[in-house]
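The values are calculated or read from the model by the stated rules, or taken from the named source; none is laboratory data. Note that this is a predicted model, so its numbers are computed, not measured. Using ideal geometry, Cβ is built from the backbone for each residue, glycine included, and neighbour counts are taken over all protein chains shown. What goes into the accessible areas is simple: the full protein's heavy atoms, side chains included, and nothing from ligands, DNA or RNA. Shrake-Rupley method; radii C 1.70, N 1.55, O 1.52, S 1.80 Å.
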Amino acid sequence: MAAEFHFKHKHILSLEDLTPDDVELILQTAESFKEISTRAIKKVPTLRGRTVVNLFFEPSTRTRLSFEIAAKRMSADTFNISASTSSAVKGESLVDTARNLEAMSPDLIIIRHASSGTPNLLTAHVNASVINAGDGTHEHPSQGLLDLFTVREAKGVIAGLKVAIIGDIAHSRVAHSDIIGFKKMGAEVTVSGPATMLPSYLEGMGATVCSDPREAVAGADVVMALRIQQERFHDPLIPSLREYATYFGVNRQLLKAAKPDALIMHPGPINRGVEIDPAVADGPYSVILDQVTNGVAVRMALLYLLMGGD
Ligand code: CP
């Protein structure tokens, strides 16, 4: 299917924008690029002469580094700007920052920002392609794609699987991209978390909402734990982290309800002993570090498809 199919998008802003064929093409392209990272010389000339700017207004370990590694492995020139080193600290607006970046003719800008919709705003002011590397509580599409890749790599399929996502769904851009992505590719998605973290729109996205996490993980092929995004809300939404860990922590007891070989996922950063028990995070069915490894291949695929390699 995907071999005959051409990628028509200029930007990656939301998994809503992609068809199942688009997702299939990205995953197949990532499969072909994954091998490059296993070579002694981890570099191909595919994107030589292309310029990639990483514009990160929020902290990141995995996403920023894996986009940079992906670009460098394809021989693109990469430049990093963070909130503290940009002229935003001197009062420059995002639109003015964008215009100034555009004046230096980048081919692609990867942006992370605390405000939902910022990547969309950027597209109105630059000719470069834009990838959303996480915008507020909205979406984190490249994370959603690497999660799809990781599940398909481990299970061989996505369609028909049951995926349970447990935690702070309301503030998680990863949860939003994962719900869209897994539903699009034919999986069933159930979610659970404290009532204050389960917004009413989830059923409209096609997720089954369970107040009891044991119900959400019952028979699950994949269980994903999410961090409580304390930086995104001010008033307390849970009584205490200890209480959260007792009722919603992904631990061996909770996993008795899932399939015995259920994959354990987490987008990171993880808070051990809060949303996930260390024995589960480091256990035999954990693919948490595979998600990170696969992030490089999936991001290589996105750079290649957007910038049109040789
Ligand atoms: N998963 C993820 O977005 O991690 P970082 O915040 O470290 O980029």
Legend entry - Label-zone membership for the range 28-45, site Ser75, 7 angstrom Cα→C-beta point, backbone N under 18 Å: 33-45
Legend entry - Backbone N under 18 Å from the Glu92 label point (7 Å along Cα→Cβ), restricted to the range 29-72: 52-58
Legend entry - Ordering of 90-101, 144-155 by packing [mean C-beta count within 10 Å, highest first]: 144-155, 90-101
Legend entry - Kirkwood hydrodynamic radius over Cα pairs of the range 214-306, then Stokes diffusion coefficient at 20 °C and 1.002 mPa s, in µm²/s: 147 µm²/s
Legend entry - Virtual spin-label span in nm between Ser84 and Thr38, 7 Å along Cα→Cβ: 3.8 nm
Legend entry - Relative contact order (percent, whole number), the chain, Cα cutoff 8 Å, 6+ residue spacing: 20 percent
Legend entry - Calculated FRET efficiency for the pair Tyr247/Ala114, C-beta based, R₀ 35 Å, to 0.05: 0.80
Legend entry - Pairs from Lys184/Lys259; Lys90/Lys183; Lys34/Lys90 whose Cα-Cα separation, in the structure shown, is over 32 Å: Lys90/Lys183; Lys34/Lys90
Legend entry - Of every Cα-Cα pair in the range 141-288, the percent that sits beyond 24 Å: 21 percent
Legend entry - Whole-number accessible area per residue in Å² for the chain, which is evaluated in the context of all protein chains at 1.4 Å: 43 Å²
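Taking R0 as 30 Å, what FRET efficiency do you get between Ser211 and Ala279 from their Cβ-Cβ distance, rounded to the nearest 0.05? Please list the in-between numbers first.
Values: r = 26 Å, r/R0 = 0.85.
The computed FRET efficiency comes out at 0.70.
Write down the percent of antiparallel bridges among all DSSP beta bridges whose residues are both part of the chain, to the nearest 5.
5 percent
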Inset, instruction - Kindly express, to the nearest 10 degrees and within the range 0 to 90, the angle between helix 62-73's C-alpha long axis and the longest C-alpha principal axis of the chain. - result: 40 degrees
Inset, instruction - With the full set of protein chains in place, find how many percent of the accessible area of the chain is carbon and sulfur; take the probe as 1.4 Å. - result: 53 percent
Legend entry - Two-site FRET efficiency, Lys256 against Arg99, from Cβ-Cβ distance with R₀ of 45 Å, rounded to 0.05: 0.20
Legend entry - Extension gain (nm, one decimal) between Ala159 and Arg48, 0.36 nm per residue minus Cα-Cα: 36.3 nm
Legend entry - Highest to lowest packing among 37-45, 211-219, scored as the average C-beta count within 10 Å: 211-219, 37-45
Legend entry - Over the chain, volume per residue of the alpha carbon convex hull, in Å³: 132 Å³
Inset, instruction - Could you run the Karplus curve 6.51 cos²θ - 1.76 cosθ + 1.60 with θ = phi - 60° over the range 125-142 and give me ³J(HN,Hα) per residue in whole Hz, x for Gly and Pro? - result: 10, 9, 8, 5, 5, 10, 10, 7, 9, x, 10, x, 9, 6, 8, 9, x, 5
Inset, instruction - Amide H neighbours of Leu161 under 5 Å, at least 5 residues apart or on other chains, H built in the peptide plane: list them. - result: Glu188
Inset, instruction - Order the peptides 22-35, 63-76 from the highest to the lowest mean number of other Cβ atoms within 10 Å of their residues. - result: 63-76, 22-35
Inset, instruction - Calculate the length of the line joining the C-alpha centroid of the range 272-310 to that of the range 154-208, in whole Å. - result: 17 Å
Legend entry - Extension gain from Ser240 to Lys183, taking 0.36 nm per residue of separation minus the Cα-Cα distance: 17.3 nm
